[in-house]
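To start, the structure under review is shown below, and the notes come after it.
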């Protein structure tokens, strides 16, 4: 009953996560512009541009157009690329280029990047970059010339350019150190003339800025749309769900594993992957489970580690999880399945009563020498075994189960077994009394 309640709770958590994930991305936007001179909406575009990000941008622009007083939308870009289809990406650019208010992009702050498809997004709009930012590595161009002008420098397809180089290549119009500088360069943007600390005149924004970010419930899934996070979420999901299945816990590991599975599911659906590699990763979980139930890492554990390692390195198509994530995923899975999980299962179920008393008296065969520990096969299943007899049991010898301690079988040889030392001592005592 406790296990049923536990898994029901996990199902509820997954359901609530899915419901929150379906919440409109623009649900937390500002509804009015309080400044009579106008407002500018700054939309953060971080990480890979996935379906969540596309929907987020579209909703933000639509709402800005519908609210009186909004003069422009600025995309604050820091993205390694685009993972939506070419058709969906081109549809986004077409919408941004046909809005009633100007939509531009600013690559910043310092340290930000716009790579691959994100570079095409920046090039398709009136854009600028902050010092210390980079753009380029486009690869195969995803946008047709209808949506994106030809790059002034063809090297942008294979090279990474800094802000000054991007201006010379005509990818962006200028270098703007701050977002405010970028906003001031938007045509017809209201400003006021002020003086700096040294008395020199300068312009200052007269409109209000409204920064819009993804809601936290959506950000959780969007974060999963990166190779490193999606891969580690998959590893955590497999490990914790196996842990939950083979223990009689309260379900905490299962809840975390279920949430990780949701994140991995979204991330792997958003990113380009090799289906056969994902199948290998999922198969490894089945292989691990076969050995976990006997608390002995054997051939299936080795098979699981091989399939998990191959699947890990070839999981993504055209992308690669960071080496640190791969090392943590492969190394962590190996340690968990070879040492941690079997030890946990043995300690968890190390009680004398597990409902396996029916096995006492059953016969089997030793699959390895038992002196005093080893493995036996009983009714086609492999078990850890121990003998308390003085004579070791050799591999291939027939055995009989005499007791069960958790997941360990206490056995004796069918024939030729020496008497237990306790029995010999008892016999000697009895003989002395008789004489």
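Values in this text are rule-based calculations from the coordinates and carry no lab data. No experiment lies behind these values; they were computed from the predicted model shown. Cβ placement follows ideal geometry from the backbone for every residue including glycine, while neighbour counts extend to all protein chains displayed.
What order do you get for 71-82, 165-176 when each peptide is scored by the mean count of other beta carbon atoms within 10 Å, highest first?
71-82, 165-176
Give, in nm to one decimal, the length gained when the segment between residue 339 and residue 35 is fully stretched (0.36 nm per residue of separation minus the Cα-Cα distance).
Full extension of this stretch gives 103.1 nm more.
Using 0.36 nm per residue, how much length does the chain from residue 323 to residue 95 gain when fully extended, once their Cα-Cα distance is taken away?
78.3 nm
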